[in-house]
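Reading through the structure tokens given below for one structure.
FYI, it's all coordinate maths here, none of it is from the lab. Keep in mind the model is a prediction, meaning the values are calculated, not measured. Note that we place each Cβ from the backbone using ideal geometry, even for glycine, and neighbour counts take in every protein chain shown.
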Ligand SMILES: C[S@@+](CC[C@H](N)C(=O)[O-])C[C@H]1O[C@@H](n2cnc3c(N)ncnc32)[C@H](O)[C@@H]1O
């Protein structure tokens with residue numbers, strides 16, 4: 001019996017460490033507010049041949065809801081949930097298994113500050129990033145994923161053939177994209193750049 005308590009204790013400590021370790025999860029986990037989901041789905045402007053990448057997907061609240069909506073509309077929109085926290089990766093995989101649109105959902109464990117995006121989404125014409133990332137990390141993430149010409153910084157997407165590109169940022173504006181900004185006001189502000 002003592003062993004079982006000890007194992008439970010270790011499990012709980014492990015989970016706490018996963019959520020508090022700055023190295024494993026530099027941006028703390030807070031899910032998007034459920035009441036803002038309809039506005040966020042509208043901001044994502046879901047279409048055929050679009051790939052939506054949630055950078056730091058958490059438990060997938062946004063991506064699974066969006067995938068539900070495109071499934072109902074019979075759209076071929078694809079979704080990629082990028083997450084670093086192993087516990088949340090497990091949650092994402094479990095939720096994906098039970099999702100009616102699972103063939104269009106991909107779960108990736110990677111670091112949004114350093115990952116290579118072109119390998120994830122090279123055969124599409126429309127790319128949308130969804131971010132709910134602390135303001136002091138936003139620009140660094142954006143610099144790692146935007147194609148040349150948007151911020152002026154050449155990066156991995158410079159060679160990708162992307163016709164259309166948009167970013168939806170929950171709660172926090174992206175200063176370097178200010179000129180392309182529109183807003184939607186829900187419980188929190190949704191910033192759209194397209
Ligand atoms: C504020 S939460 C947002 C969760 C989800 N996007 C949502 O809107 O509900 C930020 C998420 O980013 C993840 N994260 C933090 N640092 C990361 C990194 N370097 N690479 C990938 N994901 C990261 C956290 O584990 C957390 O789940």
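For a footprinting-style exposure proxy, rank 125, 166 by other Cβ within 10 Å, fewest first.
Result, fewest neighbours first: 125, 166.
When averaged across all projection directions, what area in nm² does the alpha-carbon convex hull of the chain cover?
Orientation-averaged projected area of the Cα hull: 11.9 nm².
Going by alpha carbons, how many degrees (0 to 90, nearest 10) lie between the helix axis of 2-20 and the longest principal axis of the chain?
The angle comes out near 20 degrees.
Between 0 and 90 degrees, rounded to the nearest ten: what's the tilt of helix 61-72 against the longest Cα principal axis of the chain?
Between the helix axis and the principal axis of the chain, the angle is about 60 degrees.
Taking a spot 7 Å from the Cα of residue 113 along the direction of its beta carbon, which residues of the range 1-43 have an amide N less than 20 Å from it?
Answer for this model: 17-30.
Quick one: 183, 95, 109, 78, fewest Cβ neighbours within 10 Å first, how do they rank?
183, 109, 95, 78
Please work out the FRET efficiency for the pair residue 11 and residue 139, using the Cβ-Cβ distance as r and a Förster radius of 35 Å; give the result to the nearest 0.05.
FRET efficiency, residue 11 to residue 139: 0.45.
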